Amino acid sequence: MVTAAVSAQQIERWTTMIELLTSRYTYVLMFVLLGIGLYMIIASQNLVKKLIGVSLFQTSIFLFFVSMAYVEGGSAPIVPPESNPGELLVASPLPQVIVLTAIVVGIALTAVGLALVIRIYSEYGTLREDTLREVRADE
Amino acid sequence: MSNIDLIPPLLIVAPILAATLPIALGLRYDRTGWSVATITSTGLFAAALALASVVYTSGEVIHTLGGYPRTYGIQLVADEFSTLIVLLITGVAAGVLAYTRRGGPRGNTFYTAYLLLVGGLLGISLTGDVFNLFVFLEITSIATYALVASGDGPESAVAALKYLILGTVAASMYLLGVAFVFMATGTLNMVELSTAIPAAERPVLIQTGFAFIVVGFAVKVAQWPLHTWQPSAYQQAPDGVTPLIAALVSTASAYAFGRLIVTVFEVDYLAAMPNAAAIVLTIGCVSVLAGTVLAVIQTEVKRMLAYSSVSQFGLVIAAYGVVIAGNSETALTGAVIHLVGHGLLKTGLFLGAALVAASYGARTVDEYAGLATDRPIVAGSMAVLLFSLVGIPPSIGFVGKWYIALGAVESQLWPVAAVIFLSTMLTLAYAARLLEKMYFTPATVVERPHARGPVATDGGDADRDDDSTPDSEVEIDDGRAAAGLRGGAARNPVSVGMIAIVVVVALGAVALGFAGGAIAELLEPFLTEVIN
Amino acid sequence: MVADIRPLAAVLVSAVAIVLIIASHRRPNLREGWSVVAALAKFGIIVSMLPAVIGGTVFEWSLYESTGIQFLEGIDFALRADPLGIFFALLASFLWIFTSFYATGYMRGLDEHAQTRFFASFAASLSTAVGIAFAANLVTIFVFYELLSLVTYPLVAHNEDDEARIAGRKYLTYTFFGGGVFLLAGTAMVYWLTSLVEGGPTLAFEAGGMEALAAAAQAEPVYAQAAFFLLIAGFGVKAALMPLHSWLADAMVAPTPVSGLLHAVAVVKSGAFGVARVILEVYGPGLIRDLPLDVPGIGEIGLNIPVAIVAAFTLTAASIIAMRKDHLKRRLAYSTTAQLSYIVLGLSMLHPYAIVGALFHIPAHAFAKLTLFFCAGAIHVETHTDYISEMAGIGKRMPLTMTAFTIGAAGMAGLPPIAGFVSKFYMLIGAGDVGGSYWLFAAALLLSAVLNIGYLWPVVYTAFFESEDRHDAKPLLEFPRGGVVQSYGDGSDDDHVATDGGERANGTEPTDTTETEDTVVDEEFEYAVDKYPSDHTGPDDVATDDQGDRVSSVNHHGDHDDHLTGGPPAAGWQRHSPFTESTWLMLAPIAVIATGAVVLGIGPDYAVFLELAIQIVEDVFGMPFEELSTVPFDELMTEVTE
């Protein structure tokens, strides 16, 4: 009897977990994307690819915000100008604002990063980190 | 003074708007950057003083941007803690300009980045919103990358890119942490968060968020082993830039971290969170030790000072750990004072290093031999600053260390206390190395490839002699005091202003050594508010 | 407690002098004039407070009360002229007057570099030393203690050669470990402990011990003990307690006035003085006895016992080491190490008589040791001789100096009527009065007196009773430890004998002392008639014969000044009258200080120091000194606790 109760509880927990995974699969995807970005930053020898990794890393966080704000059946958070619009199901507007800002910041960062890469390329003639290290060590 | 709450937004907006001026005016005039920057930062400093006089007499000043309520609007908050940082930032920013006028870098774009950086830093200090904090962190970072990359050689671009990649990852980590906290609480305002966090239904989200935030700031504050961007960035940045970023960028990040700990998460909540205190303490203590060891083995002065920053920020982070673990008001006072004090000391030291590099091209510790006889004032000021860094009273370095150590003792965290007391010795290890070279190693021709400038005219002598009155107790000379300062008036790479600012910083470091009680008193309302 | 600016003025007067000294760096006479003026002014200010202090008044200057600035939260920066403070300040400032004259003579005699830096640092050292004396609480004393380490560093590293730099490095390391680590940690712990009880937090000294600390120690005995040892270790570094003593011998590379006033009086005594403050006015004798330390195998002992044991060990061991040092200043340095431990030992015995003895030993040793160092410096300036083995017959070259040296040596050994006798006598009474295991400490004191004679008498003997060409072997110096079959060694001065085997191999020289003396035929030395004899030339000529070879083969490595050739000139020492042997700038201070040592010994009741010492002890124990001898020791201790 006791074991049955426990297993029932366990089954329940599993199902909620599976439900969570299926309903919140965006979170899982986001962390996969995050991992790919981080891996690129660390493992790639190419400076441009590293920057792409950084962008990917950031983008995954933006997606996290956006998916967090999603409300099932909700529309875009644009509120009609009536004084009392009544019952409206909209996604949370705050994360969307945040992501908009963060995207701008991200673009600025990528631009600066690429500018630096161009400068490095014009000075050393390479984009590969290992070659760069050798060249700098020789100098 | 009903308009006083306009000062916080002005402090942020003014430099960012002014940042466009050097470029715009640069289309027509050549050298406008310095004037624009000087006017702006002097104004900012004056505004900061006005703000401080209000904050420390009648409590915090809050500005709500656009009038939106704080649940979803953004607030700018100038309280006792942030005002102190604002004063440091505006003061240092105005002071460093005294160096850059002759010491360079000079381009208009440099001053654009300079003002952008100041605006970002002030934003970090004043914002009351965790996402807004991210934005300002990134503004600061972008300006810093640009400033680091404006160094002469291609090395600086490599250093900047390294910094950019690590810095962006760190900021993103912080953003991710914010995302988790937002998920659990639904708000971004710091005050709202402080009530929402303990009430959150899913504390695991908060814990995850805090973990990401800790990692993010460990990079930003340059804690071992995530410090790797910092030494090369400091070293490769132009000499006039290093004092600014060394004094302010990591300091602002450390301030933000402290702000999150005491205002957003709140000490009680973190104390109950498993391992939070232990992790923060460990990061801090390990950085103190590792930073010093790395500093001792450096040959380049700027690099040595950069590693010294790793260890000094380790002290601050360790103090935060003590605050969490021991609920210690004293340690928080210490952390705040050490933040400001370290910023001031590093400004002076990097300015001194820049000055020496400008006049002799001396960059390694060995090349500093005999500096005391050639440049007694600079050497004396640097000696005062170094001893202050070691923590010899009376100086700001000692005051910070005393409060942090006392906090650790009061909280009975003996290993931490031991590390803090030992840090005196460890700091001495690299400070004494430099001092010994400056004062007790005669210069040789080999060590000094760039002899000092031609002793052509004594034109600028009169006002410099005023300068050479003894400024400090360590100020010693050998009858050749003025000799080192007499260079050709026109071609001298070192201006009076450059020397004066180093001296002022050194004097300030000593004078603030007597202000230990005063600063603690100023912080008192803030401390009682955040620590129960 | 009377508010008065004079304690601050006494500290600052030499700080002002620093500015003037640096400003007048182009005019040496003016510069040294400032030194003397500052010394006189400082002494004058301190003396002006003396009568009132003896009368029981305490002058205090507090930063908070005079300016409203609080140094640290809850901690005032305060200076207080109480009997103990004025005791030390009086000594330091009095001796500085004569040292300024002497330093002028010394630095000019050697034509040293960086004299401005030297005099400025010297004035700064005195400023901080008086600051230590007048400090009213642990933080204030810490501030000055650290500053003292800082400003004496340029003096140690003065020579700017490798040896001086290494000595300076060692000096900084030791003193900052003591100050910045141990002392700071102890101070923070005391602050924390006193904050746990009513009446705290406090760090201010109280005669007989801080009451808040006594209360806190009952609650947290372990931490109170730890804080005690941290504080003692912090001050013990400067007091050169073993094993923290080795910086002192290395610091002897500094010019001799520094070795004399700072490394025999101001700096090292500030350590001993700090120990006195901790024992008498932070913890108090009663609390120290009441905080027993549980030692496995022995049982519970007072906190003072480990300190006393370390001190007793140090004074014995340092005396033995001193015997094997050929470099005169190094021998004196080890003697200082030993003598400082007398003070610490006397204080840690806690008995009122021992404490009086210990306190009186501060000036007694200061006068005697300053005499000895001044003599060593005068010899160095006049003849460039640093090694005892080269001083044979120097008594006829420098009669007054060596006479003063004899007085100083007698004072070290504690022979009446020199000052050292009085202090040692009190300490012996104290030790005997307690009895029991304290007899061990009395024995150490007596043994060390013998050892003192053992290492200082040979110098006197060499100077007066030997001549440059006829002198005995110095077994302790020249022979390997444990002795050799032959009675004549290779003249090595220290432990390096074993590695110098090669040199001994040239011992084709006669193996018998008497034989050696017989082989010497240079009896017809003609004493030069030049006004300036060739004292400074090396014994190159003599080096050809056995005797000269032996002298110059003394192994000097590890010591400085090797570039200067010491020892007697080729023609032997020139005979000088006491008035022409050196400049008056050096002779007068030597004579005055040596006289002072005798005066202190003959009439301690009339010299102010004993009176002050008795007053300090009366304050600590809270009863007249005459009554103290009637009360049994254990009762005395409980008396204090109440």
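The values are calculated or read from the model by the stated rules, or taken from the named source; none is laboratory data. Here the structure is a predicted model, which is why all the values come from computation and not from measurement. Using ideal geometry, Cβ is built from the backbone for each residue, glycine included, and neighbour counts are taken over all protein chains shown.
Pairs meeting the criteria (first residue in segment C:391-420 and without any contact (Cβ under 8 Å) to a residue 40 or more places away in the chain, second residue among the aromatic types (Phe, Trp, Tyr) and in a helix (DSSP H, G or I), beta carbons under 7 Å, at least 6 apart or on different chains) are C:GLY414/C:PHE421; C:LEU415/C:PHE421. Out of B:ALA252, B:ALA290, one residue alone is surrounded by fewer than 24 Cβ atoms within 10 Å (Cβ to Cβ) and modelled with pLDDT of 90 or more. It is B:ALA290. Among the criteria (1) within 11 Å of chain B (Cβ to nearest Cβ); (2) surrounded by fewer than 24 Cβ atoms within 10 Å (Cβ to Cβ); (3) not aromatic (Phe, Trp, Tyr), the one C:GLY234 does not fulfil is (2). Considering segment B:267-344, the qualifying helices (runs of 4 or more DSSP H), each wholly inside and each with 3 or more residues that are not hydrophobic (A, V, I, L, M, F, W, C), run over B:276-296, B:301-326.
Answer yes if at least one residue in segment C:61-68 is touching a Gly at 6+ places or on another chain (Cβ under 9 Å) and among the polar types (S, T, N, Q), and no otherwise. Within segment C:61-68, not a single residue is touching a Gly at 6+ places or on another chain (Cβ under 9 Å) and among the polar types (S, T, N, Q). Could you go through segment C:203-218 and let me know if any residue there is within 14 Å of chain B (Cβ to nearest Cβ), within 15 Å of C:GLY274 (Cα to Cα) and either touching a residue at least 60 places away in the same chain (Cβ under 8 Å) or part of a helix (DSSP H, G or I) (or both). Yes, segment C:203-218 contains a residue that is within 14 Å of chain B (Cβ to nearest Cβ), within 15 Å of C:GLY274 (Cα to Cα) and either touching a residue at least 60 places away in the same chain (Cβ under 8 Å) or part of a helix (DSSP H, G or I) (or both). Here is the figure for segment A:21-42: residues that are among the aliphatic types (A, V, I, L, M), within 13 Å of chain B (Cβ to nearest Cβ) and out of contact with any Lys or Arg (no Cβ under 7 Å at 6 or more places or on another chain) total 5. Determine if segment B:314-335 includes at least one residue that is in contact with a strand residue (DSSP E or B) (Cβ under 7 Å, 6 or more places away or on another chain) and farther than 20 Å from B:LEU428 by Cβ. No, segment B:314-335 contains no residue that is in contact with a strand residue (DSSP E or B) (Cβ under 7 Å, 6 or more places away or on another chain) and farther than 20 Å from B:LEU428 by Cβ. Restricting attention to segment B:137-155, the residues that are over 14 Å from A:GLY106 (Cβ atoms), surrounded by fewer than 24 Cβ atoms within 10 Å (Cβ to Cβ) and either modelled with pLDDT of 90 or more or facing chain A (nearest Cβ under 9 Å) (or both) add up to 4.
Condition check ((1) in a helix (DSSP H, G or I); (2) farther than 30 Å from A:LEU94 by Cβ) across all residues:
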position: B:TYR163; (1), (2): yes, yes
position: B:ALA196; (1), (2): yes, no
position: B:PHE212; (1), (2): yes, no
position: B:ALA218; (1), (2): yes, no
position: B:TRP224; (1), (2): no, yes
position: B:ALA233; (1), (2): yes, yes
position: B:ALA247; (1), (2): yes, yes
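Within segment C:34-54, residues that are outside the structural domain of C:GLU611 (by TED's automatic domain parsing) and farther than 17 Å from C:ALA103 by Cβ reach partners that are assigned to a helix (DSSP H, G or I) and not aliphatic (A, V, I, L, M) with beta carbons closer than 6 Å, at six or more positions or on different chains, in the pairs C:ILE45/C:ARG6; C:ILE46/C:SER93; C:MET49/C:ARG6; C:VAL53/C:PRO83. Within the option set C:GLY85, C:GLY74, being in contact (Cβ under 8 Å) with a residue 12 or more places away in the chain and touching a Pro at 6+ places or on another chain (Cβ under 7 Å) holds for one residue only, C:GLY74.
Quick grid of which residues meet (1) assigned to a loop (DSSP other than H, G, I, E, B); (2) at the interface with another protein chain (Cβ under 10 Å from one of its Cβ atoms); (3) touching a residue at least 60 places away in the same chain (Cβ under 8 Å); (4) crowded, with 24+ Cβ neighbours inside 10 Å:
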site	(1), (2), (3), (4)
C:PHE122	no, no, yes, yes
C:VAL130	no, no, yes, yes
C:PHE142	no, yes, no, yes
C:LYS170	no, no, yes, no
C:TYR174	no, no, yes, no
C:ALA185	no, yes, no, yes
C:ALA188	no, yes, no, yes
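Conditions tested, residue by residue: (1) assigned to a helix (DSSP H, G or I); (2) surrounded by fewer than 19 Cβ atoms within 10 Å (Cβ to Cβ); (3) more than 7 Å from chain B (Cβ to nearest Cβ); (4) in contact (Cβ under 8 Å) with a residue 24 or more places away in the chain.
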site	(1), (2), (3), (4)
A:VAL99	yes, no, yes, yes
A:ALA108	yes, yes, no, no
A:ILE118	yes, yes, yes, no
A:GLU123	yes, yes, no, no
A:THR126	no, yes, yes, no
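If you filter segment C:152-166 down to residues that are over 17 Å from B:MET425 (Cα atoms), out of contact with any Leu (no Cβ under 9 Å at 6 or more places or on another chain) and part of a helix (DSSP H, G or I), you find that the one that is farthest from the other protein chains (Cβ to nearest Cβ) is C:GLU163. Might you let me know whether segment C:360-380 holds any residue that is buried (at least 24 other Cβ atoms within 10 Å of the Cβ), more than 15 Å from C:PHE609 (Cβ to Cβ), in contact (Cβ under 8 Å) with a residue 60 or more places away in the chain and in contact with a strand residue (DSSP E or B) (Cβ under 7 Å, 6 or more places away or on another chain)? Looking through segment C:360-380, none of the residues is buried (at least 24 other Cβ atoms within 10 Å of the Cβ), more than 15 Å from C:PHE609 (Cβ to Cβ), in contact (Cβ under 8 Å) with a residue 60 or more places away in the chain and in contact with a strand residue (DSSP E or B) (Cβ under 7 Å, 6 or more places away or on another chain).
Kindly evaluate B:SER411 against the criterion of being among the polar types (S, T, N, Q) and buried (at least 24 other Cβ atoms within 10 Å of the Cβ). Judged against the criteria, B:SER411 is not a match.
Table: residues versus (1) assigned to a helix (DSSP H, G or I); (2) in contact with a strand residue (DSSP E or B) (Cβ under 6 Å, 6 or more places away or on another chain); (3) in the same structural domain as C:PRO28 (by TED's automatic domain parsing).
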residue: C:LEU91; (1), (2), (3): yes, no, yes
residue: C:TYR102; (1), (2), (3): yes, no, yes
residue: C:ARG108; (1), (2), (3): yes, no, yes
residue: C:HIS113; (1), (2), (3): no, no, yes
residue: C:THR116; (1), (2), (3): yes, no, yes
residue: C:PHE119; (1), (2), (3): yes, no, yes
residue: C:ALA133; (1), (2), (3): yes, no, yes
residue: C:VAL139; (1), (2), (3): yes, yes, yes
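Contact map, segment B:37-60: first residue at positive phi, second residue surrounded by fewer than 24 Cβ atoms within 10 Å (Cβ to Cβ) and part of a helix (DSSP H, G or I), Cβ cut-off under 8 Å, separation 6 or more or different chains; pairs are B:GLY59/B:PRO525. Return the residue satisfying two criteria in turn: it lies in segment B:156-172 and is of a type outside the set (D, E, K, R) and more than 7 Å from chain A (Cβ to nearest Cβ), and of such residues it is farthest from A:LEU51 (Cα to Cα). For segment B:156-172, the residue satisfying everything is B:SER156. Could you tell me which of the residues B:LEU248, B:LEU260 is touching a helix residue (DSSP H, G or I) at 6+ places or on another chain (Cβ under 8 Å) and over 30 Å from B:LEU205 (Cα atoms)? Matching residue, one of B:LEU248, B:LEU260: B:LEU248.
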